[in-house]
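**Student:** Next up is a structure, given as structure tokens.
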Amino acid sequence: MPMGISLRQQVTVYPPDSDDPNNPTPDSDPFKLRCRFQEGTEVVSDQHGREVVSSAQIFLDKFANVSAASEYEYVDETGAARRYTTVTTARKRWLNGKTILTVVYVK
């Protein structure tokens, strides 16, 4: 567990479907990842450089194989499921350059 963050929650990742019949996306089935889910607003820049307010952050261990087009579903303690879209993804790195944490900002 990097930086002492416990990853005791789970999020279901829905990868984007491929629209190209000549180049289908492998592994487009949903999969689960351990995470730390934190609700709270934060102003971040999206991939186009615009400032956007994210409603939650998902902390994933090391270099998680997620894309900017992925959607996430989180089920909280009461059993309520919410679906989120990606605003931006950030990688936190050690001094040696290895990724220790992937942070996905969602809305």
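**Student:** Within the stretch 28-98, list the GluC sites (Glu not before Pro) lying in a DSSP loop whose Cβ has at most 10 other Cβ atoms in a 10 Å radius.
**Tutor:** 77
**Student:** Viscosity 0.890 mPa s, temperature 25 °C: Stokes-Einstein D of the stretch 40-107 from its Kirkwood Cα radius, in µm² per second?
**Tutor:** On the way: Rh = 12.8 Å.
The estimated diffusion coefficient comes to 192 µm²/s.
**Student:** What does the charge add up to near residue 42, with Lys and Arg as +1, Asp and Glu as -1, over the other residues with Cβ less than 15 Å from its Cβ?
**Tutor:** In short, +1.
**Student:** For a quick check: sort 66, 104, 52 by the number of other beta carbons within 10 angstrom, fewest at the front. Display every interim value, and only then the final one.
**Tutor:** On the way: 66 19, 104 26, 52 15.
If I rank by nearby Cβ atoms, fewest first, I get 52, 66, 104.
**Student:** Mind checking which of 60, 33, 95 has the largest fluctuation in a GNM of the chain, springs on alpha carbons under 10 Å?
**Tutor:** Of the options given, 95 has the highest mean-square fluctuation.
**Student:** Among the chymotrypsin sites (Phe, Trp or Tyr not before Pro) in the stretch 68-107, which ones are in a DSSP loop with at most 16 other Cβ atoms within 10 Å of the Cβ? Mind listing them?
**Tutor:** Counting only loop positions with at most 16 other Cβ atoms within 10 Å, the chymotrypsin sites (Phe, Trp or Tyr not before Pro) in the stretch 68-107 are 94.
**Student:** Quote the charge dipole size of the stretch 49-107 about the Cα centre in Debye, to the nearest 20; the model charges only the Cβ of Lys and Arg (+1) and of Asp and Glu (-1).
**Tutor:** I would put it at about 360 debye.
**Student:** Of 9, 59, 94, which is farthest towards the positive pole of the chain's charge dipole, taken about the Cα centre with +1 and -1 on the beta-carbons of Lys, Arg and Asp, Glu respectively?
**Tutor:** Most positive-ward Cα: 94.
**Student:** With a point put 7 Å past each Cα toward its Cβ, work out how far residue 17 is from residue 42 in nm, to one decimal.
**Tutor:** 3.2 nm
A short reminder: the numbers here are calculations on the coordinates, not readings from a lab. The structure presented is a predicted model; accordingly, all values stated were derived computationally and were not measured. Positions of Cβ are backbone-derived with ideal geometry, glycine not excepted, and every protein chain shown enters the neighbour counts.
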